[in-house]
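For reference, the structure is listed below as C-alpha coordinates.
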Amino acid sequence: MLVIYGAPAVGKTTLATYLHNTFNLTVMELDDEIKRENNGVWPEPAEYRNREITPKVLKRVAMLDKGIFLTSGLNAAFVQTVRNNNGKVVLLHLSEEHLRARNSKRNRETGHDVYDQIQQNLKDQARLKTEVGFDYVIDANQTTEEIAAKVLNIVKMSKIYV
(Lines give C-alpha, C1' and ligand atoms only; values in the text may rest on other atoms or scores of the structure.)
Protein backbone atom coordinates (compact mmCIF):
# COMPACT_ATOMS: atom_id res chain seq x y z
CA MET A 1 0.00 0.00 0.00
CA LEU A 2 1.22 3.46 -0.85
CA VAL A 3 -0.40 6.21 1.21
CA ILE A 4 -0.26 9.75 -0.17
CA TYR A 5 -1.03 12.33 2.48
CA GLY A 6 -1.62 16.02 1.91
CA ALA A 7 -3.64 19.03 2.88
CA PRO A 8 -6.98 19.87 1.28
CA ALA A 9 -6.36 21.66 -2.06
CA VAL A 10 -2.93 20.07 -2.54
CA GLY A 11 -4.10 18.13 -5.61
CA LYS A 12 -4.89 14.64 -4.29
CA THR A 13 -8.09 14.17 -6.30
CA THR A 14 -6.43 15.40 -9.50
CA LEU A 15 -3.54 12.99 -8.91
CA ALA A 16 -5.87 10.09 -8.09
CA THR A 17 -7.87 10.63 -11.27
CA TYR A 18 -4.71 10.86 -13.37
CA LEU A 19 -3.14 7.71 -11.88
CA HIS A 20 -6.33 5.72 -12.34
CA ASN A 21 -7.21 6.93 -15.84
CA THR A 22 -3.68 6.93 -17.25
CA PHE A 23 -2.20 3.82 -15.62
CA ASN A 24 -5.32 1.92 -14.49
CA LEU A 25 -4.00 1.80 -10.92
CA THR A 26 -6.05 0.90 -7.87
CA VAL A 27 -6.56 4.31 -6.24
CA MET A 28 -8.69 5.07 -3.18
CA GLU A 29 -9.51 8.40 -1.56
CA LEU A 30 -10.50 8.90 2.05
CA ASP A 31 -13.77 10.72 1.29
CA ASP A 32 -14.91 8.00 -1.14
CA GLU A 33 -14.05 5.28 1.37
CA ILE A 34 -15.94 7.13 4.14
CA LYS A 35 -19.06 7.25 1.96
CA ARG A 36 -18.64 3.58 1.05
CA GLU A 37 -18.37 2.66 4.74
CA ASN A 38 -21.58 4.61 5.42
CA ASN A 39 -23.68 2.94 2.69
CA GLY A 40 -22.90 5.55 0.05
CA VAL A 41 -23.97 8.55 2.14
CA TRP A 42 -21.70 11.26 3.51
CA PRO A 43 -21.98 10.86 7.31
CA GLU A 44 -23.07 13.84 9.34
CA PRO A 45 -22.46 15.34 11.80
CA ALA A 46 -18.67 15.62 11.55
CA GLU A 47 -18.25 14.39 15.12
CA TYR A 48 -19.94 11.10 14.23
CA ARG A 49 -17.93 10.79 11.02
CA ASN A 50 -14.63 11.47 12.80
CA ARG A 51 -15.40 9.28 15.82
CA GLU A 52 -17.11 6.28 14.17
CA ILE A 53 -16.60 6.07 10.42
CA THR A 54 -13.13 7.44 9.69
CA PRO A 55 -11.34 5.16 12.21
CA LYS A 56 -13.02 2.10 10.64
CA VAL A 57 -11.92 3.19 7.17
CA LEU A 58 -8.34 3.87 8.26
CA LYS A 59 -8.12 0.52 10.05
CA ARG A 60 -9.40 -1.34 6.98
CA VAL A 61 -7.23 0.53 4.48
CA ALA A 62 -4.06 0.25 6.57
CA MET A 63 -4.27 -3.55 6.31
CA LEU A 64 -4.46 -3.61 2.51
CA ASP A 65 -1.37 -4.79 0.68
CA LYS A 66 -2.30 -3.35 -2.71
CA GLY A 67 -3.23 0.07 -3.99
CA ILE A 68 -2.67 3.78 -3.54
CA PHE A 69 -4.65 5.61 -0.85
CA LEU A 70 -4.87 9.41 -0.88
CA THR A 71 -5.90 11.16 2.32
CA SER A 72 -5.81 14.43 4.22
CA GLY A 73 -6.26 12.61 7.54
CA LEU A 74 -3.62 10.45 9.23
CA ASN A 75 -2.51 9.41 12.67
CA ALA A 76 0.66 7.77 13.95
CA ALA A 77 -1.02 4.39 14.55
CA PHE A 78 -2.24 4.28 10.94
CA VAL A 79 1.26 5.08 9.66
CA GLN A 80 2.77 2.32 11.80
CA THR A 81 0.20 -0.24 10.60
CA VAL A 82 0.88 0.68 6.96
CA ARG A 83 4.62 0.29 7.54
CA ASN A 84 4.14 -3.00 9.37
CA ASN A 85 2.45 -4.23 6.19
CA ASN A 86 5.43 -3.08 4.07
CA GLY A 87 3.68 0.07 2.87
CA LYS A 88 5.09 3.54 2.44
CA VAL A 89 3.74 6.95 3.41
CA VAL A 90 4.32 9.94 1.14
CA LEU A 91 3.72 13.58 2.01
CA LEU A 92 2.39 15.58 -0.92
CA HIS A 93 3.70 18.96 0.20
CA LEU A 94 2.73 22.47 -0.80
CA SER A 95 3.58 25.67 1.01
CA GLU A 96 0.91 27.37 3.09
CA GLU A 97 0.99 30.31 0.68
CA HIS A 98 0.21 28.08 -2.31
CA LEU A 99 -2.46 26.19 -0.36
CA ARG A 100 -4.16 29.49 0.50
CA ALA A 101 -4.09 30.53 -3.15
CA ARG A 102 -5.59 27.22 -4.29
CA ASN A 103 -8.23 27.41 -1.57
CA SER A 104 -9.18 30.95 -2.64
CA LYS A 105 -9.55 29.78 -6.24
CA ARG A 106 -11.63 26.77 -5.15
CA ASN A 107 -13.78 29.01 -2.95
CA ARG A 108 -14.43 31.42 -5.84
CA GLU A 109 -15.29 28.58 -8.24
CA THR A 110 -17.31 26.30 -5.96
CA GLY A 111 -18.06 28.21 -2.77
CA HIS A 112 -16.18 25.50 -0.85
CA ASP A 113 -13.74 26.99 1.68
CA VAL A 114 -11.33 24.57 3.40
CA TYR A 115 -9.05 27.12 5.05
CA ASP A 116 -9.67 25.80 8.58
CA GLN A 117 -9.00 22.24 7.42
CA ILE A 118 -5.77 23.36 5.76
CA GLN A 119 -4.60 24.99 8.99
CA GLN A 120 -5.36 21.84 10.99
CA ASN A 121 -3.69 19.65 8.39
CA LEU A 122 -0.50 21.73 8.48
CA LYS A 123 -0.38 21.31 12.28
CA ASP A 124 -0.96 17.56 11.86
CA GLN A 125 1.82 17.37 9.26
CA ALA A 126 4.29 18.97 11.65
CA ARG A 127 3.26 16.61 14.46
CA LEU A 128 3.43 13.50 12.27
CA LYS A 129 6.79 14.55 10.86
CA THR A 130 8.14 14.53 14.41
CA GLU A 131 6.28 11.43 15.65
CA VAL A 132 6.68 9.01 12.75
CA GLY A 133 8.15 10.85 9.76
CA PHE A 134 7.34 10.36 6.12
CA ASP A 135 9.06 7.87 3.84
CA TYR A 136 9.06 10.34 0.94
CA VAL A 137 8.11 13.96 0.34
CA ILE A 138 6.91 15.12 -3.08
CA ASP A 139 6.72 18.81 -3.94
CA ALA A 140 3.16 19.37 -5.16
CA ASN A 141 4.13 22.56 -6.98
CA GLN A 142 4.71 20.52 -10.15
CA THR A 143 2.52 19.25 -12.95
CA THR A 144 0.30 16.26 -12.29
CA GLU A 145 2.39 14.28 -14.77
CA GLU A 146 5.62 15.09 -12.88
CA ILE A 147 4.07 14.16 -9.54
CA ALA A 148 2.69 10.92 -11.00
CA ALA A 149 6.15 10.02 -12.35
CA LYS A 150 7.59 10.45 -8.84
CA VAL A 151 4.79 8.32 -7.36
CA LEU A 152 5.40 5.58 -9.92
CA ASN A 153 9.12 5.69 -9.17
CA ILE A 154 8.40 5.24 -5.45
CA VAL A 155 6.10 2.31 -6.25
CA LYS A 156 8.83 0.71 -8.36
CA MET A 157 11.64 1.31 -5.84
CA SER A 158 9.54 0.10 -2.92
CA LYS A 159 8.12 -2.92 -4.78
CA ILE A 160 4.59 -1.93 -3.79
CA TYR A 161 1.73 -3.64 -5.61
CA VAL A 162 -0.76 -1.20 -7.07
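Every condition in (1) modelled with pLDDT under 90; (2) more than 20 Å from V155 (Cα to Cα); (3) surrounded by 13 or more Cβ atoms within 10 Å (Cβ to Cβ) holds for R100 except the one numbered (1).
Mind checking whether some residue in the stretch 84-96 is assigned to a helix (DSSP H, G or I) and either touching a residue at least 12 places away in the same chain (Cβ under 8 Å) or under 26 Å from L25 (Cα atoms) (or both)? The answer is yes; a qualifying residue exists.
Suppose we keep only residues that are assigned to a helix (DSSP H, G or I) and among the charged types (D, E, K, R) within the stretch 144-162. Which one would you say is farthest from G11 (Cα to Cα)?
Filtering the stretch 144-162 down to residues assigned to a helix (DSSP H, G or I) leaves 144-158.
Checking which are among the charged types (D, E, K, R) leaves us with 145-146, 150, 156.
On the way: E145: 12, E146: 13, K150: 14, K156: 22 Å.
Among those that are assigned to a helix (DSSP H, G or I) and among the charged types (D, E, K, R), it is K156.
Residue pairs whose Cβ atoms lie under 9 Å apart, sitting 6 or more positions apart in sequence or on different chains, and linking a residue in the stretch 49-64 that is more than 14 Å from T81 (Cβ to Cβ) to a partner that is among the aliphatic types (A, V, I, L, M), are R49/I34; I53/I34; T54/L30; T54/I34.
Residues in the stretch 29-75 that are at pLDDT below 90 and small (G, A, S) were compared, and the one that is nearest to the chain's Cα centre (by Cα) is S72. Being over 15 Å from the mean Cα position of the chain (by Cα), modelled with pLDDT under 90 and not hydrophobic (A, V, I, L, M, F, W, C), is that true of even one residue in the stretch 126-147? Within the stretch 126-147 (the criterion being over 15 Å from the mean Cα position of the chain (by Cα), modelled with pLDDT under 90 and not hydrophobic (A, V, I, L, M, F, W, C)), the answer is no, since none of the residues qualifies.
Can you spot a residue in the stretch 2-21 that is among the basic types (K, R) and surrounded by fewer than 20 Cβ atoms within 10 Å (Cβ to Cβ)? So that I can check it myself, show each step before the final result.
Of all residues in the stretch 2-21, those among the basic types (K, R) come to 12.
Of the ones still in play, those that are also surrounded by fewer than 20 Cβ atoms within 10 Å (Cβ to Cβ) are none.
No: zero hits.
In the stretch 59-83, the qualifying residues are those that are among the charged types (D, E, K, R) and part of a helix (DSSP H, G or I), and the one that is nearest to L152 (Cα to Cα) is R83. Screening A101 with (1) touching a residue at least 12 places away in the same chain (Cβ under 8 Å); (2) out of contact with any Ser or Thr (no Cβ under 7 Å at 6 or more places or on another chain) gives one miss only, at (1). Among the criteria (1) more than 14 Å from G11 (Cβ to Cβ); (2) without any contact (Cβ under 8 Å) to a residue 24 or more places away in the chain; (3) not β-branched (V, I, T), the one G73 does not fulfil is (2).
The values are calculated or read from the model by the stated rules, or taken from the named source; none is laboratory data. The structure presented is a predicted model; accordingly, all values stated were derived computationally and were not measured. Note: ideal-geometry Cβ built from the backbone for every residue, glycine included; neighbour counts use all protein chains shown.
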